[in-house]
Amino acid sequence: MAATKKKDGRLGPYQLGRRCKHASAELGHIHEARNVQTGAPALVMMPGPRPTWGAKKSWRVRASFQSAPPFIALEVEQAPATGRLAELANLFTLLLAALEAVGSTPRMRAHLTGSPMGQWVKRPWLGGLVAAGLALLVLAGGLWWGISARPINPPTASPSALDLNGMSDTGLPSTVLIDGQAKGPAGIAYPLPDKPFTSQVRPPCRTNADHVEINGGCWVALERRPPCGEHAEYQGKCYIPVVKPPRPPQSLSP
């Protein structure tokens, strides 16, 4: 159920703040926000002018992550009577994608954590959560927009540029090429391959969604400039590949 934004910047229980810039146009608008009832900082995302997503039903959940003793918990405060867990997984994936899209912003980190603004260092648990969420989305047959994701178990060494170009026709998902929990201050960028990845969208690219065609594949340019960290570098810009949506299931077992 879509909530209506009020003139005073309120959206449901949230007071909207600064709108964050990001490179993933399909995610829509991402705002800093604060719960007016509890005062807790929040991240709020809304569909853009041309909506590509929306919650079909209303959920209210709470997630907890504890280090000692270690556990992850999902508490459902409100659920639709006909709700499906696959739908909930899709919504979590959208939030994870939004967090990843603005995760390199020191101001957002300071807003959500209450810490002083400074250099953001991506944590391994964030990459793992994004990868897990994207896996759930693919299994559910949902939407996929080529958001950067990292596998839970990263490779022990960064592949060479030659290896990366050789992967274009191996059938490996492109997330292999943008993985990596940084072992140092920054990741190692890879040159944009001469051919598109097997899982990458081919032209015509969606130019209205800021997709661009390079070497036979569709890419999204990031706002950052080299060094590109774990992303692709091409002619002085940083890019991430746009991935094909998963095929819908052909049949369902009773």
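Quickly run through the range 18-70 and pick out the residues that are of a type in the set (D, E, K, R) and either touching a residue at least 24 places away in the same chain (Cβ under 8 Å) or more than 24 Å from R109 (Cβ to Cβ) (or both).
Filtering the range 18-70 down to residues of a type in the set (D, E, K, R) leaves 18-19, 21, 26, 32, 34, 50, 56-57, 60, 62.
Those that are of a type in the set (D, E, K, R) and either touching a residue at least 24 places away in the same chain (Cβ under 8 Å) or more than 24 Å from R109 (Cβ to Cβ) (or both): R18, K21, E26, E32, R50, K56, K57, R60.
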Name the residue that is surrounded by the most Cβ atoms within 10 Å (Cβ to Cβ), counting only residues in the range 32-69 that are of a type in the set (S, T, Y) and part of a strand (DSSP E or B).
S64
Would you tally the residues in the range 73-111 being in contact (Cβ under 8 Å) with a residue 60 or more places away in the chain and not in a loop (DSSP other than H, G, I, E, B)?
8
Within the range 216-243, can you find the residues that are surrounded by 13 or more Cβ atoms within 10 Å (Cβ to Cβ) and at positive phi?
G216, G229
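Each value in this text was obtained by applying a stated rule to the coordinates, not by laboratory testing. All values derive from a computational prediction rather than experimental measurement. When we count neighbours, we look across all protein chains shown, and the Cβ atoms used for this are built from the backbone with ideal geometry, even at glycine.
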